[in-house]
Amino acid sequence: MASRKTSQQTRDNGDKYSVLLPTYNERENLPLIVWLLVKYFGESGFNYEIVVIDDGSPDGTLEVAEQLQKIYGEDKILLRPRAKKLGLGTAYIHGMKHATGNFIFIMDADLSHHPKFIPEFIQKQKEGDYDVVSGTRYSGNGGVYGWDLRRKLISRGANFLTQVLLRPGASDLTGSFRLYKKKVLQCLVERCVSKGYVFQMEMIVRARQLNYTIGEVPISFVDRVYGESKLGGNEIVSFVKGLLTLFATT
């Protein structure tokens, strides 16, 4: 009875959570991540919507999203596709234009980020009225599963370099599972100039510059279930260049 009362209170407090899911060739993962989002939001009683921003996936991701919309309803699944890949930052801007929530979740659609952590993000945000809540793989009982040694070394090395050069005051800079107040995310995206994997790092650095408060939730990161990782040599070079740019300009 107590849990049902708590769920009703969360429904009545006026907060709504918009989940932005940028997708590219995720037709196999999308039904699973959407089902899990619906499950955990439904069980916790929070008001939500899922905004799918597909960048012209050739594998039919958008067609799958259309079927999911028929199953779960247009009020829960919003489709806001674009003609081609235009970058993560612009995907968030595009999604926010259509999001009706006052809070925004960003996460990967490839099942690397499990929606089971969403209630913990929301609880953490409410505890300190944080502007940003970031999932961390490198604090508490957070961790990474399914990566080979090379990927782990790259991620740890990138995070270490970032901590040394930028001192951002957060333990995981390159992660992309976060909860933002909508107005805060809008402000940060407008100020960020980076692309690719540096973008998420710059978001936290800019948040600290603007004195936004940041909370952290330990998460388990699991390597994508279906499809291939988009991390390659070009992305690593771009990351190092972007890190040095931020070091020189912040």
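So which of Lys84/Lys116; Lys124/Lys182; Lys16/Lys76 end up more than 21 Å apart by C-alpha? As for pairs spanning more than 21 Å Cα to Cα, those are Lys84/Lys116. If the chain linking Lys16 and Leu86 were pulled fully straight, counting 0.36 nm for each residue of separation and taking away their Cα-Cα distance, it would gain 22.5 nm. Each label point was placed 7 Å from the Cα along the Cα-to-Cβ direction; for Thr213 and Arg191 their separation is 1.8 nm. Computed from backbone phi, the HN-Hα couplings of the range 20-25 come to 8, 10, x, 10, 8, 6 Hz, rounded to whole numbers (Karplus: 6.51 cos²θ - 1.76 cosθ + 1.60, θ = phi - 60°; Gly and Pro given as x).
Which net charge results when you count Lys and Arg as +1 and Asp and Glu as -1 among the other residues whose beta-carbon is under 14 Å from that of Glu190? Residues close to Glu190 contribute a combined charge of +4. Split the accessible area of the range 7-139 by element, probe 1.4 Å, and carbon with sulfur accounts for 49%.
3J(HN,Hα) along the range 101-115, derived from phi through the Karplus expression 6.51 cos²θ - 1.76 cosθ + 1.60 where θ = phi - 60°, amounts to x, 8, 10, 10, 9, 10, 7, 7, 8, 9, 6, 5, 10, 8, x Hz, with x in place of Gly and Pro.
The values are calculated or read from the model by the stated rules, or taken from the named source; none is laboratory data. This one's a predicted model, so the numbers in the text were calculated from it and none came from an experiment. Cβ sites come from the backbone with ideal geometry, for glycine too, and all protein chains shown count toward neighbours. The protein model used for the area step is the full one, side chains on, heavy atoms only, and it has no ligands, DNA or RNA in it. Shrake-Rupley method; radii C 1.70, N 1.55, O 1.52, S 1.80 Å.
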